[in-house]
Amino acid sequence: MALTLILTRHAKSDWDDPELRDHDRPLNPRGQGDAPKVGAWLRDKGHVPGQAMVSSALRAQETWDGIAPELGQAVAMSTEPKLYHAEAETILSHLRRAEAPVVMIIGHNPGIGEFAHRIVDEPAAHPRFIDYPTCATLVAEFPGEDWSEVDWWAGRVVDFIVPRDL
């Protein structure tokens with residue numbers, strides 16, 4: 001049996017209100033449109049998580065809110081405050097606690113981009129993998145049956161998409 005990780009950076013956020021704390025920034029109209037497209041792409045490719053771990057930031061929560069209805073089934077979601085601007089090591093520690101065989105994590109750069117590069121054995125063959133833009137989504141497969149055993153460089157890229165490709 002294999003384990004599958006779906007790793008998504010939050011969709012494009014709104015910078016119009018300089019009074020808002022970073023944590024409270026919502027998605028902008030482009031981000032609101034991109035998240036459902038990514039959700040539909042995941043469903044159409046058969047990459048549907050059984051569990052989602054989502055940063056507590058509003059833009060990450062709204063990204064999930066856009067993706068989730070497109071998946072075609074209910075998914076257990078947990079809000080994870082420590083994923084807000086998490087470093088790669090923190091993301092790995094969250095992944096190691098996952099329980100479903102297919103897990104989605106929604107977070108932020110720069111940590112999520114660094115995590116994506118370090119968790120797979122070879123980078124995705126896509127020019128945007130290097131900078132991991134908003135709503136970029138990696139699907140990676142891992143050998144084994146227990147997330148607690150997953151380590152750096154263990155994953156194999158199955159898919160990678162950015163909203164512009166959709």
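Some observations on this one:
- Carbon and sulfur %, accessible surface of the chain computed with the full protein complex present, 1.4 Å: 50
- Taking amide H as placed 1.01 Å from N in the peptide plane, the amide H of residue 56 sits under 5 Å from that of 80, 83, 84, each at least 5 places away or on another chain.
- Derived scalar couplings between HN and Hα for the stretch 9-16 equal 7, 3, 6, 4, 9, 9, 10, 5 Hz in order, rounded to whole Hz, by the Karplus curve 6.51 cos²θ - 1.76 cosθ + 1.60 (θ = phi - 60°), x for Gly and Pro.
- Heavy-atom accessible area per residue - the stretch 32-119, 1.4 Å, Å²: 40
- Anchor residue 45: lysines whose Cα lies under 21 Å away (excluding residues fewer than 8 positions away in-chain): 37
- Loop-located chymotrypsin sites (Phe, Trp or Tyr not before Pro) in the stretch 113-161 (DSSP state not H, G, I, E or B) with no more than 11 neighbouring Cβ atoms inside 10 Å: 153.
- Under-5 Å amide H pairs with residue 158, H placed in peptide plane, nonlocal only: 139, 140, 141
- Restricting the stretch 4-35 to trypsin sites (Lys or Arg not before Pro) in coil, as DSSP defines it, with at most 12 other Cβ within 10 Å: 21
- For the peptides 14-20, 52-58, the ranking by mean Cβ contacts within 10 Å, running from highest to lowest, is 52-58, 14-20.
- Beta bridges per DSSP with both ends in the chain, % antiparallel, nearest 5: 45
- Whole-Hz couplings from phi, Karplus 6.51/-1.76/1.60, listed for the stretch 151-166; x for Gly and Pro: 9, 4, 6, 8, x, 10, 5, 9, 8, 8, 9, 10, x, 4, 6, 9
- Cut-off 18 Å, label 7 Å out along Cα→Cβ of residue 141, residues of the stretch 31-50 by amide N: 42-50
The values are calculated or read from the model by the stated rules, or taken from the named source; none is laboratory data. Since this is a predicted model, take the numbers as computed values, not measurements. Positions of Cβ are backbone-derived with ideal geometry, glycine not excepted, and every protein chain shown enters the neighbour counts. All accessible areas refer to the heavy atoms of the entire protein, side chains included, with ligands and DNA or RNA removed. Shrake-Rupley method; radii C 1.70, N 1.55, O 1.52, S 1.80 Å.
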